[in-house]
Structures are given as C-alpha cells and as structure tokens.
C-alpha cells in the first residue's frame, strides 16, 4: 500500500484521512499559521508609519524624538528656541522667506506637516509689548484676523507657551494647485517673543471631498501637535532680564534689598563700617602709631586729601567692575574733614620768638 493510500484508508475505503492523522495535521497547520501571523504583526507594528497611524503621539512619548534649534538660523529673526519632533519625521528647510523649518511625517513623504514660521512685527523702535497687550491680541476676535487667506475659522483660544501669553488657532482650507484639489485642516500655536511673532503651524491634508476623514485624522494627530508645541524651550527668556516698562517705579539699578528691611539695615550697617573703617584707619595709624603727635593743619590737610582721593577712585573702580551704580562722592568729602581733624587734633602752633634790639 502506498503512503497516500495508507493515509486515506478507512475500513478499506478511500473516503478520507483517519481521525487521528487529520487532527495531527490540523494542529500542526494551526501552529504554523499562528507563527506566520504573529511574525507579520510584529513586523507591521515595528513599521513607523503603522505605529504613527495607530497612535501618532506614542513615538514622541516613548522618547523617539529629535530636537531642532533655531539659534543663528537666518530666517529665525534672532529668536532662539528649541522644539522636539518625532524621529520618524523629516526636517526640511522652508522654501519661503518666513518658513524657518518644516517637519513632514513618514520620513518626508506623509500628509502631516508642522512648520515654524516667523514674522517681524512692524513696531516703532523702543516699543515694549506688555502682557496685557498680548492677552488682548490672543482673543478669539483678534485671532480671526490671523487666518491664512481663504481659510475657514473653526476655533481659537488663549494659552501659554514658556510662560508667555499665546494663542491656539484652528481652521480648515481648500486649495487647488497644479490641477490638484486638496483639503487641509490646520492648528497654529502662536506666541510673540521680543518683536517677532512665532507660529508652529501644524496641518493634515488629503485629496478633496475627504473632509470627514481629514477631521478624524486631525483629532488623532492633535495630541502630537500639542506635545510638539509644549516642547518649545526659549533659553534667553531665562537668562536676559525682562524689560522694565517706561515710567515704572522699578528703574533703580541699586542692588540694595529694599524688599527685605532687616537685610537692608544689615547691609547699610556693614557698608558704613567698611567705608569709614577703611577711610579712617590710615589717619588713625599716622596720628597714634607712627608720628604719635598732632600734625599741623596744613600737613594734616594734604595727607587727608591724598587718602580721600585715593579711596574715592578705588571705590569707583570696584563699583564699576561689579556693575553697581557709583556713589556721589559726598562721603569722601566728609571723610577728608574727619581725617584732618583726627591728625591735627591737639596741635599747638610753636610760638614765634621775636628778638628785641637793644
């Protein structure tokens, strides 16, 4: 009997495989199919585009992200900040003057994009934008004027980016280019640093007549776009002192701690002791340690002038090096009179003897 006949032999008839062999074959086939399907799904899950479509924010949250820095970029308008984007996205230079950089999904071939756009505000020189001005600028009514040409307003709200007042603007657009009709839905994160408006303009797009699908995709990608906006860091915001509005009371450059009375008193006392101690030590040493007698008023004056001028110039140089506001010098004038008094105190002029002729 051949192998094939044996496999199909049941009671001498070739009606089908015996039950035991059938069960064994089916079990092995099930195991092999399971292994193949498992390997297929592992390969599929490891594909960035599949993972991105399933949860676009997952790659970013897992730490697979790259940082872009605008420092010294010719289109950044001197605004220095960093922003993170998914590593599977491609960073490309913008073709237009105000587009600093654009990030495109699927290694540069996807239909999702984020762009950094900068625009210098036409403000007069020396103009300071207050926080109240920024809050007013990012109201829903004002932000409607920031819509791209031909865009349809969806929503707008205020937020903060790096502690700065900012706005979130959502809109949709229909565009035709080179014979193709494209629908797009965008969300822009907008803030102003110094005199430059910065936008992180994020969008999903697709062929026309698929607006419902685009809206669903935007809902999926919105978390990722918010994470990218939240990753913005402005280093010079924390290193450069904020400008003080004109007319403000906080115009003094003194380093005295006026907001801490006990420390202010201690600082003034120490300053008094150091200044007068340094200024009066030389005349005291001259009077009581070196000469040990009163000096004439003329000699004491010249010595006091020399010490007063020397210490005045020395303290001015120290204050300049520390960036402190220089004093008015009155204390050293007073120091001159006190030092002269110390050195000449108790001086009695020698009487002049006049010889009388016979």
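If you take the residues of the range 173-206 that are without any contact (Cβ under 8 Å) to a residue 24 or more places away in the chain and in a strand (DSSP E or B), which of them is nearest to residue 219 (Cα to Cα)?
Here is the first cut: in the range 173-206, the ones without any contact (Cβ under 8 Å) to a residue 24 or more places away in the chain are 176-179.
Now restrict to residues that are in a strand (DSSP E or B): 176-177.
On the way: 176: 24, 177: 26 Å.
Taking the candidates together, the pick is 176.
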Report task. Test residue 147 against the criterion of being over 25 Å from residue 220 (Cβ atoms) and either in a loop (DSSP other than H, G, I, E, B) or at pLDDT below 95 (or both), and give yes or no. Result -> no
Query raised in the report: Of all residues in the range 113-146 being surrounded by fewer than 12 Cβ atoms within 10 Å (Cβ to Cβ) and closer than 23 Å to residue 98 by Cα, which is farthest from the chain's Cα centre (by Cα)?
Result: 145
**Report entry** Residue among 165, 122 that is over 16 Å from residue 232 (Cα atoms) and in the same structural domain as residue 196 (by TED's automatic domain parsing)
**Finding:** 122
Query raised in the report: Can you tell me which of 294, 282 is at pLDDT 80 or above and assigned to a loop (DSSP other than H, G, I, E, B)?
Result: 294
Query - residue 61 being at pLDDT below 90, within 30 Å of residue 215 (Cα to Cα) and either touching a helix residue (DSSP H, G or I) at 6+ places or on another chain (Cβ under 6 Å) or in the same structural domain as residue 185 (by TED's automatic domain parsing) (or both) - result: no
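The values are calculated or read from the model by the stated rules, or taken from the named source; none is laboratory data. Fair warning: this is a prediction, and the values are worked out from it, not measured in the lab. Positions of Cβ are generated from backbone atoms using ideal geometry, with glycine treated the same way; all protein chains shown enter the neighbour counts.
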